[in-house]
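> Sharing a structure below in structure tokens format, with a few things to ask.
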Amino acid sequence: MLWKQIADHKHASKFMNPVTDEIANKYSTVIKEPMDLNRVRKRIDQGVIRNSLSLQRDLLLIFQNAMMYNSSKTDIYRMALEMERDVNQQVADFIGTQMMVEIDA
């Protein structure tokens, strides 16, 4: 449910698929742990991601990679920064809701 909400973000399409060296010159030499939204979804489905903290770690990796590879003057850098902020808020809201449900249970 949270992944779907994140995948619907206005900039999500830019981070949906793996970045290749053909798309971004020497990406694999700069970024040692690539991550994308489809890979996050697969990791959820495979049970690798089992909690919101693991999810948040992988999501933040996407945006940190984008900001590390791209200049702060680029659109992709600004989109990553904006989406990182929005995703952090969505995850925080989700965790808050989880905690309230557990308290009420």
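The values are calculated or read from the model by the stated rules, or taken from the named source; none is laboratory data. From a predicted model like this one, the values you see are computed outputs, not experimental measurements. Methodologically, a virtual Cβ is constructed for each residue, glycine included, from the backbone with ideal geometry; neighbour enumeration extends over all protein chains shown.
> Any idea which of Ile49, Ile6 is crowded, with 16+ Cβ neighbours inside 10 Å and in a loop (DSSP other than H, G, I, E, B)?
Ile49
> Can you say whether Met100 is in a helix (DSSP H, G or I) and modelled with pLDDT of 95 or more, as far as the supplied structure shows?
It is false that Met100 is in a helix (DSSP H, G or I) and modelled with pLDDT of 95 or more.
> Would you please list the contacts, defined by Cβ atoms under 7 Å and residues six or more apart or on different chains, that run from a residue in segment 70-96 that is under 22 Å from Ser28 (Cβ atoms) to a residue that is in a helix (DSSP H, G or I) and of a type in the set (Val, Ile, Thr)?
Listed by first residue and then by second, the contacts come to Asn70/Ile76.
> Residue under question is Leu61, and the condition is that it be over 14 Å from Phe94 (Cβ atoms), out of contact with any helix residue (DSSP H, G or I) (no Cβ under 8 Å at 6 or more places or on another chain) and free of Cβ contacts under 8 Å to residues at least 40 places away in the same chain; does it hold?
Here the answer is yes, as Leu61 does meet what is asked.
> Here is a follow-up. Under 9 Å by Cβ, and 6 or more places apart or on different chains, what pairs join a residue from segment 1-30 that is over 15 Å from Glu82 (Cα atoms) and at pLDDT 95 or above with one that is of a type in the set (Val, Ile, Thr) and part of a helix (DSSP H, G or I)?
Qualifying pairs under 9 Å: Asp21/Thr29; Ala24/Val30.
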